[in-house]
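To start, the structure under review is shown below, and the notes come after it.
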Amino acid sequence: MKRRDVRVRLEVVAPLGEAEPDPAARSESEAAQQFWTDLRRSTQSRIGLGRTGDALPTTRVLEFRAAHAAARDAVHLPLDVGALGERVAALGVGEPAHVRSRASDRAEYLRRPDLGRLPAESADPAGGSALSVIQHSGAEIGFVLADGLSPRALTDHGSATLAALIEELAPHYSIAPPVIATQARVALGDHIADAMGVATVVVLIGERPGLSVADSLGIYLTHLPRPGRTDADRNCVSNIHPPEGLGYTQAAKVVAGLISGARRLGRSGVDLKDTSRVALAEGAVVSIESASGALTEPSDRARLPGVPHTSPPDAD
């Protein structure tokens, strides 16, 4: 009996009732993917993530979890005060003092924001001191570097931002030796400034981390600071984290303009506006008409996209 070779040809066909993929539909899907890919280059927001069945693709889920973990780590990572102090001292404006708030640890700092706004009553054996370690200088400008809700932001951008501020301000104003503050909220800067005896305090503080940015630094400026000042008495320059965010030099120039304006006005806060955002590349200034038809004052001028602003972030 002869052996016969049998060859079986297998073909993949669509299940009954299911149409084969339409080439036009496939092309449209690829075009949509390219649209979202191009758009994502202009923003850090999570857009056009796609889907796998009824869920997000695994890659997007893992990216989200990694970003969430980075944000949590940024909040809880302790500030290396010694390393930061060395970098600050190298800038040539004096040896920085270290103070801490009344919050005893990170857990209490997060539960009790009010304690982060008050100075410690006595020296802490674990590190940090009361306001008595601060030298009363009577200088025009005082800098406070506060860990805030993102010590990582202060580690990554604090000394470089301070260097840009000193370069911009030192030729025009006297500067007090800086202070590093831990477990600190923005309002702690008022107590520190009172001990410094400065006319204007500039607080560099880590902003609340998000899922897009975990190391964003903010600057809060208060003219004639004293305990009891409110957020209405301050101006804020936020989102400092180059290269994606505001650059150090650009932030320093905005702060310099605000300080100059505060000294002329006699106060900072809601009555003082950053007019640098209306300066176009050609040097033109844009004004808009109010509802009454009259030209607005500089404090009401339009905000231009891509130019730094002074709206308060979620730092305190």
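Over all orientations, region 57-201 has a Cα convex hull whose mean projected area works out to 9.8 square nanometres. Surface composition of region 72-168: carbon plus sulfur atoms contribute 50% of the solvent-accessible area (1.4 Å probe, protein chains only, all chains present). Averaged per residue, region 144-281 has 33 square angstrom of accessible surface, using a 1.4 angstrom probe with ligands and nucleic acids left out. For region 208-223, putting each phi into the Karplus relation 6.51 cos²θ - 1.76 cosθ + 1.60 with θ = phi - 60° gives couplings of 4, x, x, 7, 9, 9, 10, 10, 8, 9, x, 10, 10, 10, 10, 8 Hz, in residue order, rounded to whole numbers and with x for Gly and Pro.
Kindly state, to the nearest 0.05, the FRET efficiency for Ala83 paired with Glu30, given R0 = 51 Å and r defined as their beta-carbon distance. Please report the intermediate quantities before stating the final value.
Details: r = 49 Å, r/R0 = 0.96.
Once rounded, the FRET efficiency stands at 0.55.
Computed over protein heavy atoms with a 1.4 Å probe, the accessible surface of region 48-104 works out to 62 Å² per residue.
Sequence-ordered 3J(HN,Hα) estimates for region 96-113 from the Karplus curve with 6.51, -1.76 and 1.60 and θ = phi - 60° stand at x, 8, 10, 10, 9, 7, 7, 6, 6, 8, 5, 4, 5, 4, 6, 6, 10, x Hz, glycine and proline given as x.
After finding the eigenvalues of the alpha carbon gyration tensor for region 109-190, what semi-axes result from the square roots of 5 times each, listed largest first in whole Å? Each step should come with its number before you reach the end.
Values: eigenvalues 110, 55, 23 Å².
Its equivalent ellipsoid spans semi-axes of 23, 17, 11 Å.
For region 121-263, the spread of Cα positions along the three principal axes, ordered from largest to smallest, is 39, 37, 27 Å. Region 119-217: which GluC sites (Glu not before Pro) are DSSP loop and have at most 16 other beta-carbon atoms within 10 angstrom? Taking region 119-217 and a limit of 16 other Cβ atoms within 10 Å, the loop GluC sites (Glu not before Pro) found are Glu121, Glu140. Can you list residues whose amide H is under 5 Å from Ala146's amide H, if they're 5+ apart or on another chain and H is modeled 1.01 Å from N? Amide H neighbours of Ala146: Ala181, Leu204, Ile205, Gly206.
The values are calculated or read from the model by the stated rules, or taken from the named source; none is laboratory data. Remember, predicted model here, so these are calculated numbers, not experimental data. With ideal geometry, Cβ positions are generated from the backbone for all residues, glycine too; neighbour counts draw on all protein chains shown. Areas reflect the complete protein model, heavy atoms only, side chains present, ligands, DNA and RNA absent. Shrake-Rupley method; radii C 1.70, N 1.55, O 1.52, S 1.80 Å.
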